[in-house]
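Read the figures in this text as sums done on the coordinates, not as results from a lab. Predicted model, so just to flag it, every value in this text is computed and none were measured. Note: ideal-geometry Cβ built from the backbone for every residue, glycine included; neighbour counts use all protein chains shown.
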Amino acid sequence: MRHLIIYAHPNSESLNHHFKEIVIKNLTKSGHEIVVRDLYELEFNPVLSMNDMIDQMKGTLEEKIIAEQEYISWAENIIFIYPIWWTGMPAIMKGYIDRIFTYGFAYRYDQRIQKGLLTGKSAIIINTHGKSNAEYATTGMDKALSLTSDRGIYQYCGLEIKEHFFFGKADRVTKEIVEDWDFTIAKTLNH
């Protein structure tokens, strides 16, 4: 299977970086094809400019945008790995979606009915956050995150979500908890 990892965290010592390495290790061991797009390493420009919007309307996109879209087209499964900051994805990840998941590529409207164009592809989302999952459930943040990212972005574009992990209290975990999370991720990747 062809897997595209879209990764967003600036710290190579982070738990997110660890999860990226665990994903790569497990997919490699199983003989899968992998491409990694590390948005910070790429110094990806997350700002959707007026020129980008004009290009999208004309259907003439910048080469860097087309290259990222080709990675998405190539992939059968897309794995998004990023932390939750201020109740959402990092700006660089949101900017990636703004600039790459364009009209006519990721979605379109047929007779005023929205249609996702990334159908036939699956997605796994791996998120870390500082609060506990119980706190997120109590405040409704878990449902809000699922609504805004899962339904509002990924499913909207036609992706089938295989799993969305929310790893809470990520800034104060034990080695044993991380090992459990690694096992959970590996089980999902190999299922």
Check your understanding: For the cross-link pairs Lys25/Lys115; Lys131/Lys162; Lys64/Lys175; Lys58/Lys121; Lys94/Lys143; Lys25/Lys162, which exceed 28 Å when the distance is taken from alpha carbon to alpha carbon?
Key -> Lys25/Lys115; Lys64/Lys175
Check your understanding: Once you put a point 7 Å from the Cα of Ala134 and another 7 Å from the Cα of Glu41, both along the Cβ direction, what distance in nm separates them?
Key -> 3.8 nm
Practice item. Name the most mobile residue of Ile125, Ile22, Ile54, meaning the one with the largest mean-square fluctuation, in a Gaussian network model of the chain with Cα contacts below 10 Å. Key: Ile54
**Study point:** Residue range of the chain that is longest and free of GluC sites (Glu not before Pro) which are both DSSP loop and sparsely packed (at most 15 other C-beta within 10 Å)
**Key:** 77-191
Review point. Using bins 10 angstrom wide from zero, how does P(r) for segment 107-169 break down, in % of all Cα pairs?
Key: 21, 44, 24, 11, 1
Point to revise | Those chymotrypsin sites (Phe, Trp or Tyr not before Pro) in segment 53-151 that DSSP places in a loop and that have at most 11 other beta carbons within 10 Å | key: Trp86
Check your understanding: Comparing Asn16, Asn26, Asn127, which has the greatest mean-square fluctuation in the GNM of the chain with Cα pairs linked when under 10 Å apart?
Key -> Asn26
Practice item. Taking the Cα centre of segment 1-137 as origin, sum charge times position over the Cβ atoms of Lys and Arg (+1) and Asp and Glu (-1), and report the length of that vector in debye to the nearest 20. Key: 440 debye
**Study point:** Whole-number D in µm²/s for segment 28-116 (Stokes-Einstein; Kirkwood sum over Cα pairs; 37 °C, 0.692 mPa s)
**Key:** 223 µm²/s
**Study point:** Potential lengthening between Ile161 and Met50 on full extension [0.36 nm per residue; Cα-Cα distance subtracted]
**Key:** 36.8 nm
Revision key, fill the gap. Once both label points are put 7 Å beyond Cα along the C-beta direction, the Thr87-Thr119 separation in nm becomes 3.4 nm
**Study point:** Per DSSP, loop trypsin sites (Lys or Arg not before Pro) in segment 106-191 with at most 11 further Cβ within 10 Å
**Key:** Arg112
Check your understanding: Taking a quarter of the surface of the convex hull around the Cα atoms of the chain, what do you get in nm²?
Key -> 11.4 nm²
